[in-house]
Every structure is written in structure tokens, then in C-alpha cells.
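Participant: Below is one structure. I have some questions about it.
No value in this document is a laboratory result; all are computed from the given coordinates. These numbers were taken from a predicted model, which means no experiment stands behind them. Ideal geometry is used to build each Cβ from the backbone, glycine not excepted, and the neighbour counts take in all protein chains shown.
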Ligand code: DHB
Ligand code: FE
């Protein structure tokens with residue numbers, strides 16, 4: 001084998017080929033490897049630094065926390081900003097703003113009609129009801145829209161990820177009624193923090209950054225012919241509302257809270273005393289193709 005310069009090595013890595021492969025995968029890998037060669041050279045990365053980083057990546061993968069790092073380094077929000085840009089270019093506007101899904105969605109939550117109790121009949125914290133309608137851009141109600149809702153428990157943990165929680169705890173799928181209405185009872189979740197003593201927290205400590213998200217509730221709203229909406233709402237008053245580690249808070253997604261709402265009409269949710277309510281309508285754009293209304297690739301990813 002001949003001696004190689006750095007550039008000759010890079011050229012070889014990027015051009016080796018015995019079959020067609022996947023052209024997109026080839027192009028992206030070439031670009032990323034080229035950028036990394038350059039970073040290693042220009043930042044004078046030592047072998048110890050390199051292998052420490054590779055060991056961290058290995059542990060990160062095993063911990064299942066890759067989605068935490070992508071959010072904290074801004075990639076999830078970047079994809080949303082790019083989607084907003086593409087919409088603006090295509091003249092698509094209006095509706096509830098999208099916000100990152102985050103790494104903690106789980107498909108298959110128990111389905112109920114019109115309303116649900118996320119607290120599963122065991123009151124905890126301040127009684128909170130969120131309610132509203134699913135509408136299209138013309139303001140017409142979307143009967144039967146499916147709303148996945150999920151949020152953290154009192155410790156900021158999500159079921160299926162945080163030890164000690166029941167399957168699908170604080171996760172439900174609510175089908176809007178014939179007039180597009182939905183409502184659910186829960187409690188106001190606190191903020192979220194990345195798990196301590198984990199590959200994720202190691203990186204954020206090294207970066208001198210916190211890993212906190214302000215209190216939020218996630219939604220995935222699906223209806224035939226309409227563009228699937230992934231979003232979150234924020235609860236006002238949180239210290240981190242303008243300093244989200246995942247950069248995901250957005251104007252128009254901070255709900256208003258009404259305190260001391262009279263319980264009449266909320267008996268089916270087990271409410272018999274004044275409670276806290278938030279009204280929020282989800283407004284969905286028309287889908288421009290089948291996959292926008294029924295995102296098969298995305299669901300395959302989360303149910304894998
Ligand atoms: C992360 C956690 C969340 O609850 C969320 O909504 C987004 C990101 C995270 O740990 O990266
Ligand atoms: Fe979250």
C-alpha cells in the first residue's frame with residue numbers, strides 16, 4: 001500500500017465503490033466525513049479526544065438518548081424551521097404552529113371518545129382541563145380528528161422512559177366528537193430535565209449548559225385529508241419558558257389558564273369543585289398529499 005496524505009485518504013474514503021449503493025446516502029456520508037476530517041485537522045483533535053468521543057457515542061446509542069441530544073443541540077427545531085421555510089416558499093400558511101415532537105412519543109395510547117382522563121381516575125395536583133376544537137383553515141370543525149396527548153409526571157418523567165410509571169401513564173388518544181370538540185382532564189405538569197448521570201447530562205455539563213425544558217404538553221393531531229400536526233403547548237409562568245434547552249417554545253403556543261372555573265358540565269371528568277382550564281383549538285392545514293395526512297414513515301419509526 002502506498003503512503004497517503006490526508007487529502008488522498010479523504011478522496012479514497014469518499015470515492016470507494018463496488019456497487020451503486022444509495023446515492024443520497026453516499027452524498028451525505030461524503031459531506032459529513034469531509035467536514036469531520038476538516039474539523040479534526042483544524043481543531044487539532046488528539047487520538048484520546050477522538051476515542052473518548054467515540055466511546056461517548058457508543059454509550060449514547062446504548063442509552064437510547066440520541067433523541068435527547070438532537071433536541072438539545074437544536075436539530076429538532078432546525079427541521080421545524082426548515083419546514084416553516086418550505087411552507088412559506090410554497091405559500092402555505094395558517095393553522096397551529098408546529099413544534100418538535102421530542103424523543104418521548106409512544107404510539108398506541110388508549111383511545112377514548114371526545115374526552116379522557118390522563119390521571120386515570122386518581123386525582124393528582126391541581127385539577128386541569130384542556131379543551132377546544134379541531135378546525136380546518138376555513139374554521140370548519142373536523143369531526144373525529146384523533147389527538148394524541150402526552151406529558152410528564154410530577155418528577156418530569158414520561159411513561160415508557162421513566163422508571164416506575166405504568167404503561168401509557170399520562171398518554172391518551174382522544175377522538176374529537178362530531179363537532180370537533182375534545183377535552184381531557186389531567187394536572188399541570190412541571191418542567192422537564194434531562195436524566196442526570198447519563199451520556200446526555202455528561203455533554204451538557206461539558207458544555208456548561210442546563211438541560212431544562214419549561215412545562216409543556218405534547219400533541220399529535222391526525223385527520224383524513226388534513227396535514228398531520230405535531231405540536232406542544234407551554235404552560236405560562238415557567239422559569240425556563242424563554243430558555244428551553246430544546247429551543248422548542250413558540251409564540252402562539254403558550255396557553256392561557258383560567259383559574260376557579262365552575263365545575264358544572266364537567267361531572268363526567270370527575271370534577272365537582274372549581275378547577276383550572278385552558279381552551280385551545282388545533283387548526284390544521286389541508287394535506288397536499290397522502291403522506292402528509294397519514295405519515296407512514298414517521299409512524300413506522302415510532303412504533304419500531
Ligand atoms: C426532550 C424532552 C422532552 O420532553 C421534549 O419534549 C423534547 C426533548 C429531550 O430530552 O431532549
Ligand atoms: Fe416533552
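Participant: Mean-square fluctuation check for the chain, GNM, Cα pairs under 10 Å: which of 26, 82, 185 is largest?
Facilitator: 26
Participant: Sticking with this one: Along the Cα→Cβ direction, 7 angstrom out, place labels at residue 279 and residue 57. What is the inter-label distance in nm?
Facilitator: 5.2
Participant: Contact order normalised by length for the chain, with contacts defined as Cα pairs under 8 Å and 6 or more residues apart; what percent is it?
Facilitator: Values: 520 pairs, mean separation 62.0, N = 304.
Over the chain, the number comes to 20 percent.
Participant: Something else now. Take every Cα pair under 8 Å in the range 207-258 that's 6+ residues apart, average their separations, divide by the length, and report that relative contact order as a whole percent. Provide the component values of the computation, followed by the final result.
Facilitator: Details: 67 pairs, mean separation 19.1, N = 52.
Once divided by the residue count of the range 207-258, the mean separation gives 37 percent.
Participant: Between residue 267 and residue 42, what is the label-to-label distance in nm when each label sits 7 Å out along the Cα-to-Cβ direction?
Facilitator: 6.9
Participant: Comparing 123, 214, 141, which has the greatest mean-square fluctuation in the GNM of the chain with Cα pairs linked when under 10 Å apart?
Facilitator: Result: 123 has the largest fluctuation of those listed.
Participant: Roughly how compact is the range 1-139, stated as its Cα Rg over 2.2 N^0.38 Å to two decimals? The partial results should precede the final answer.
Facilitator: Values: Rg = 23.6 Å, N = 139, 2.2 N^0.38 = 14.3 Å.
Compared with the compact-globule rule of thumb, the range 1-139 sits at 1.65.
Participant: Between residue 155 and residue 206, what length comes free when the chain is fully extended (0.36 nm per residue of separation minus the Cα-Cα distance, one decimal in nm)? Spell out each step's value before the answer.
Facilitator: Numbers: separation 51, 0.36 × 51 = 18.36 nm, distance 2.42 nm.
Here the answer is 15.9 nm.
Participant: So what is Rg over Rh here for the range 105-148, counting just Cα atoms and using Kirkwood for Rh? Write down the numbers at each step before the final one.
Facilitator: Values: Rg = 13.2 Å, Rh = 12.9 Å.
Ratio value, two decimals: 1.02.
Participant: If you line up the long axis of helix 47-63 against the longest principal axis of the chain, both from Cα atoms, how many degrees apart are they, to the nearest 10?
Facilitator: Orientation of helix 47-63: about 30 degrees from the principal axis.
Participant: Placing one identical point scatterer on every Cα of the chain and ignoring solvent, what is log10 I(q)/I(0) from the Debye formula at q = 0.06, 0.07, 0.13 Å⁻¹?
Facilitator: Reported log10 I(q)/I(0), two decimals: -0.26, -0.35, -1.02.
Participant: For the Cα atoms of the chain, what angle does the longest principal axis make with the long axis of helix 23-42, in degrees from 0 to 90, nearest 10?
Facilitator: Rounded to the nearest ten degrees, it is 70.
Participant: Also, quick follow-up: Once the piece of chain linking residue 122 and residue 82 is laid out straight, how much longer is it, given 0.36 nm per residue of separation minus the C-alpha distance between them?
Facilitator: Numbers: separation 40, 0.36 × 40 = 14.40 nm, distance 4.13 nm.
Net length gain for the segment: 10.3 nm.
Participant: While we're looking at this one, here's another question. Where both residues lie in the chain, what percent of DSSP beta bridges are antiparallel, nearest 5? Write down the numbers at each step before the final one.
Facilitator: Values: 30 of 44 bridges.
Just about 70 percent of them are antiparallel.
Participant: To continue, here is another question. Taking the Cα-to-Cβ direction at residue 35 and at residue 20 and moving 7 Å from each Cα, how far apart do the two end points lie in nm?
Facilitator: Once both label points are built, they end up 2.8 nm from each other.
Participant: For a test of the definition: using alpha carbon positions, the gyration tensor, and the 1.5 limit on a/c, classify the range 147-250 as rounded, prolate or oblate. Please list the in-between numbers first.
Facilitator: Values: a/c = 2.16, a/b = 1.74, b/c = 1.24.
Prolate shape, in that a/c is at least 1.5 and a/b is the bigger ratio.
Participant: Go ahead and set up a Gaussian network model of the chain, Cα springs under 10 Å, then flag whichever of 43, 54, 130 fluctuates most.
Facilitator: Greatest mean-square fluctuation among the candidates belongs to 43.
Participant: How long are the three semi-axes of the equivalent ellipsoid of the range 100-191, in whole Å, if each is the root of 5 times an eigenvalue of the C-alpha gyration tensor, listed from largest down? Intermediate values should be presented prior to the final figure.
Facilitator: Working: eigenvalues 119, 40, 28 Å².
One finds semi-axes of 24, 14, 12 Å for the range 100-191.
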